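Here the structure comes first, spelled out in structure tokens, and everything after it is commentary.
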Amino acid sequence: MVQNQRPTLNKTLFAEAAIRCFSQFGPLRTSMADIAEEAGASRQSIYRFFEDRSALLQFILEQRISAMARQLKTRFDKYQSIDEALVDGSLESIMAARSDELVNSIITSSTDHSLELFLVTASEEIRDLMMSMWAPLLEQAREQGRIRENIENAEVLDWMRHVHAVLTVRDDESLESQRLLLQKFFLPSILKRPK
């Protein structure tokens, strides 16, 4: 006779259970008890892996955003200039986040300030992914004399995350108006003016 085996408890098990609950009840109406029940575990066991609900949500966001970044990275070869990469790459990133229903629902329904900070600061994994995507383009632009002086790649990416976070949650504007904002304010903050 085969006995029912309990699932191996880990972060991924709880994150997947949370995602199933979110699709059924929504992020705001899903409790940690709901997630534990869906995972087939006790509520207390979640806290061995996540110190609180915010940590669980950040883990889920990190997984989704990292997956988006890996997909976007494959498209970066098509950009003809750093201007195009910064504007169109930013718009693609913003649209990817907006079109992910789970990411969108977590961000828009959250009342937790730590999630806002997470979007702006990002995890080490996300920062590393961004650097692997953008460093070659930034270095090429630097060699062409296009990057403003005294700006490091990490600073460009920090600024980029801030801009992306704001534009992702600011869905009151059209894609074209966001393009104009990026061209008018974002590009000049990074690139030298053409002569």
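The values are calculated or read from the model by the stated rules, or taken from the named source; none is laboratory data. Everything quoted here is computed from the prediction, not taken from an experiment. With ideal geometry, Cβ positions are generated from the backbone for all residues, glycine too; neighbour counts draw on all protein chains shown. The area values use the complete protein model at the heavy-atom level, side chains included, leaving out ligands, DNA and RNA. Shrake-Rupley method; radii C 1.70, N 1.55, O 1.52, S 1.80 Å.
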* For the range 14-47, which residues satisfy the criterion of being under 23 Å from the mean Cα position of the chain (by Cα) and acidic (Asp, Glu)? -> Glu16
* Extreme residue, least open to solvent (accessible area, probe 1.4 Å), among residues of the range 163-184 that are without any contact (Cβ under 8 Å) to a residue 40 or more places away in the chain and among the basic types (Lys, Arg) -> Arg170
* Structure fact -> The condition from (1) under 30 Å from Glu139 (Cα atoms); (2) basic (Lys, Arg); (3) touching a residue at least 12 places away in the same chain (Cβ under 8 Å) that Lys78 misses is numbered (3)
* Asked: So Ala135 fits all but one of (1) touching a residue at least 24 places away in the same chain (Cβ under 8 Å); (2) among the aliphatic types (A, V, I, L, M); (3) assigned to a helix (DSSP H, G or I); what number is the exception?
  -> (1)
